[in-house]
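J.: The following block contains the structure, expressed as structure tokens.
Rule-based calculations on the coordinates, nothing more; no lab input. Since the model is a prediction, treat every value here as computed from it, not as a measurement.
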Amino acid sequence: MNEKTFNKYFSAFILIGMTVVTILATALKLGPAEAQQKTLLLVSAFGAMMGVAATVASAGGKIITFLFGLLDVAIYGAICLINWKNGNSGLGNAVLHFLYFVPMQFVGFFQWKRRGSNKEGSVKARRLTTRQRWLAAGVFLAGSIIAYFIIAQFDKSAAQTFIKTAVVLDVLPLMCNIIGQFLMSTAYMEQWIFWIGVNIFSITMWSVTLHSDPGSSYALIYIIKYSFYFLNSINGLRIWLGLSRKDSPDPR
């Protein structure tokens, strides 16, 4: 099986698998849920599907990713805000999605269009220099520390420990998201390292939410969503390692 065929089958697996699992999970949780929870569950399911479509398109370097992405980040930001109001983590991600992710969809669209991405071809990807990689790591570390102390001031959890787990689980995906989105919108391969981090930290965050508040049925949707995202991010890293090589062929 050549690379183009593998990429098509893998994309189909992610899309079909996510659709089937999301429908089943939604159907199982929809019955016993209250009216508000049912609405959140259905909206979360739709947003999750848009997000998976966006990540699959992104892995292949297709510009349509920003159309799906706009729907995904707007819905996810609203769900995170509701999650925070209910006493769980999520404030950082809500602010991030509304004030950063939404406008960056438009930035990414025009940046990718300038770098050759269209209906027929993939974006011309590039790689960070060694100096830029160290800078990205430094920004991640410094940003995480600053964000922790800011978000901790608004933390609604009952934890009085020096390090608040709910805040840490909010901050880590927040910083990975910020750097990952910037690198994605500017077509850098290293975005996928941060997306892998986002997926791992987000799976952990929503698992903790579901464990502490079983009534948060929408959390299950996001655990499923980020699990599929994780698989796709591994494949995206593999594809973009090729796309970012000079004179690399289109991997479609």
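J.: In terms of the ratio Rg/(2.2 N^0.38 Å) built on C-alpha atoms, what value belongs to region 30-108?
T.: Normalised by 2.2 N^0.38 Å, the Cα Rg of region 30-108 equals 1.17.
J.: Please identify, among Leu220, Leu183, Leu210, the residue showing maximal mean-square fluctuation in a Gaussian network model of the chain using a 10 angstrom Cα cutoff.
T.: Residue with maximal mean-square fluctuation among Leu220, Leu183, Leu210: Leu210.
J.: Just check region 167-242 against the gyration tensor rule for me: Cα atoms, a ≥ b ≥ c as the square roots of the eigenvalues, rounded for a/c under 1.5, and otherwise prolate or oblate depending on whether a/b exceeds b/c.
T.: Here region 167-242 falls in the prolate category.
J.: To the nearest 10 degrees, how steep is helix 65-85 against the longest Cα principal axis of the chain, on a 0 to 90 scale?
T.: The two axes meet at around 20 degrees.
J.: In µm²/s, what is D for region 18-70 at 37 °C and 0.692 mPa s, where D = kT/(6 pi eta Rh) by Stokes-Einstein and Rh is the Kirkwood radius from Cα pairs?
T.: Here the translational diffusion coefficient equals 276 µm²/s.
J.: According to the square roots a ≥ b ≥ c of the eigenvalues of the Cα gyration tensor, what is the shape class of the chain, taking rounded for a/c under 1.5, prolate for a/b larger than b/c otherwise, and oblate for the remainder?
T.: Numbers: a/c = 2.11, a/b = 1.32, b/c = 1.60.
Note, shape of the chain comes out oblate.
J.: Separate question: Could you state the angle between the C-alpha long axis of helix 102-114 and the longest principal axis of the C-alpha atoms of the chain, as a value from 0 to 90 degrees rounded to the nearest 10?
T.: It is inclined by approximately 0 degrees.
J.: Tell me, in nm to one decimal, what length is gained between Ala74 and Leu231 on full extension, where the rule is 0.36 nm per residue of separation less the Cα-Cα distance?
T.: 54.2 nm
J.: Please state the relative contact order of the chain as a whole percent: Cα pairs under 8 Å, 6+ residues apart? Working shown, then result.
T.: Details: 349 pairs, mean separation 64.2, N = 252.
Reported as a whole number, the value is 25 percent.
J.: Determine the alpha carbon to alpha carbon distance for each of Lys38/Lys62; Lys38/Lys113; Lys62/Lys85; Lys62/Lys225; Lys4/Lys225 and list only those over 27 Å.
T.: Too far apart for the 27 Å limit: Lys38/Lys62; Lys38/Lys113; Lys62/Lys85.
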